[in-house]
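The values are calculated or read from the model by the stated rules, or taken from the named source; none is laboratory data. Note that the structure is a prediction, hence the values are computed from the model and not measured. Note that we place each Cβ from the backbone using ideal geometry, even for glycine, and neighbour counts take in every protein chain shown. Surface accessibility is based on the protein's heavy atoms, side chains included, excluding ligands, DNA and RNA. Shrake-Rupley method; radii C 1.70, N 1.55, O 1.52, S 1.80 Å.
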Amino acid sequence: MKKRFAAAVLVLVLVGTLCPPVSAEDSVYFTAVDERVLDLKDSTMPFWFGGYLYVAATVFRESGVNYSYNVVTQTLVLYDSSRSLVFDVSTGSGTTGQGELYDHVCVTRGGVTFVAASPVASYFDRAYSNTPVNHGYLIRVKSAAAVLPDSMFTDTASYQLDAKYQQYQKKNTADPADTNTGETGDPEVEDPASSGKSIYLCFLAEEGETVTAWLDALESRGVHAAFYFTEEALSRSGDQLRRIAASGSVVGLIPGFGGGAAERLAAMNRTLFAEAGMKTRLVYGAARDAAALRAAGYCPLNPGIDHAEYGLGSSGAANTLLNQIGKRRGPVSVWLGSDVTAGALRVFLASAAEEGNRLPAMTETAF
């Protein structure tokens, strides 16, 4: 019986691999995690299969679910502290952490593994929604960290959705061969040693014009970062806070020194919610305050690389930092401070992309 099931699943998987990609003229499926809109491209475009909408499995990694792919055994594992799903990518069949057969297969297309969005979201206590928007539909997976309801988020992110759609159309029109080859796999599921790494950039947001220049650089590449605000900077940055939220980047808070940090952070979150309809638990402070901040329910940043002392003001500095990051294993968080020029940041982003690195926004579960 199990052999017959596996054979049937394999047929379904092969059918999935032959499904044509969405053309640039059709409605598209955007994907978002909490308040972040992910990149729009054919290789990870959601599609309907077996009565369910399927999304790239890496969407759940972006939502804080742990993700492991073994290229040798062709095994994909999604897991958190209390449950797991194990998929045999070669057949599509899956099992739970208790060894029970999972009802929904995975499907591989063009080297990218997809899973059923709604059932997997429910399994890991995530919320799932499918909302009509301009140019198509927005598929959103929400963790407990999500703040904005779907209606408010779709309004806030409308500019970003339009921009991503225009970029998608432009790329497909200019280079239609990229829409379908299926000859190269998604680097997200390749051997981690050859697929780059996740780099979490963190800035000290002080001067409005400088922050705007950073956002311009990040958005031109479709990547994200975390912007940490002091109480004073937060009070005068309403437009930028809203832009950060809409762009898919995130906001962190700097409570300052001395007692009463929890009270100051609560007040700062009230300001943040009034200005941008969101709150955050990401904070940056002195190392000695980290335990107290965690006890108060916040997520203090402990950067893997503290580069603020050296700044990022030239192409040479950008390449030096990238080399430093390359020597680290796994994902790396980088505290850049505020001494960063837009030109040097653009050089860093371009070089990081050439090496296959990813630049997602910081999350509460990233480290």
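Annotations
- Single residue of LEU349, LEU301, LEU336, LEU282 found to be closer than 20 Å to GLY248 by Cα and either in contact with a Lys or Arg (Cβ under 8 Å, 6 or more places away or on another chain) or of a type in the set (Lys, Arg) (or both): LEU349
- Enumeration of residues in the stretch 191-215 that are under 18 Å from the mean Cα position of the chain (by Cα) and open to solvent by 50 Å² or more (accessible area, probe 1.4 Å): PRO192
- Counted residues, the stretch 355-367 - those being assigned to a loop (DSSP other than H, G, I, E, B) and crowded, with 16+ Cβ neighbours inside 10 Å: 8
- Restricting the stretch 288-343 to residues that are open to solvent by less than 40 Å² (accessible area, probe 1.4 Å) and hydroxyl-bearing (Ser, Thr, Tyr), the residue that is nearest to ALA361 (Cα to Cα): SER333
- Among the residues of the stretch 222-248, those identified as surrounded by fewer than 16 Cβ atoms within 10 Å (Cβ to Cβ), touching a residue at least 24 places away in the same chain (Cβ under 8 Å) and farther than 21 Å from PHE153 by Cβ are GLU231, SER235, ARG236.
- Residues of the stretch 147-160 classified as over 15 Å from ARG242 (Cα atoms) and surrounded by 14 or more Cβ atoms within 10 Å (Cβ to Cβ), total: 1
- Taking the stretch 77-94 as the range and being in contact with a Leu (Cβ under 6 Å, 6 or more places away or on another chain), more than 19 Å from THR44 (Cα to Cα) and not small (Gly, Ala, Ser) as the test, the residues that pass are LEU85, THR91.
- In the stretch 85-135, the residues that are open to solvent by less than 10 Å² (accessible area, probe 1.4 Å), in contact (Cβ under 8 Å) with a residue 40 or more places away in the chain and not in a loop (DSSP other than H, G, I, E, B): VAL107, VAL112, THR113, PHE114, VAL115, ALA116, ALA117, VAL120, ALA121
- Taken over the stretch 289-317, the criterion of being under 23 Å from the mean Cα position of the chain (by Cα) and hydroxyl-bearing (Ser, Thr, Tyr) is satisfied by TYR298 alone.
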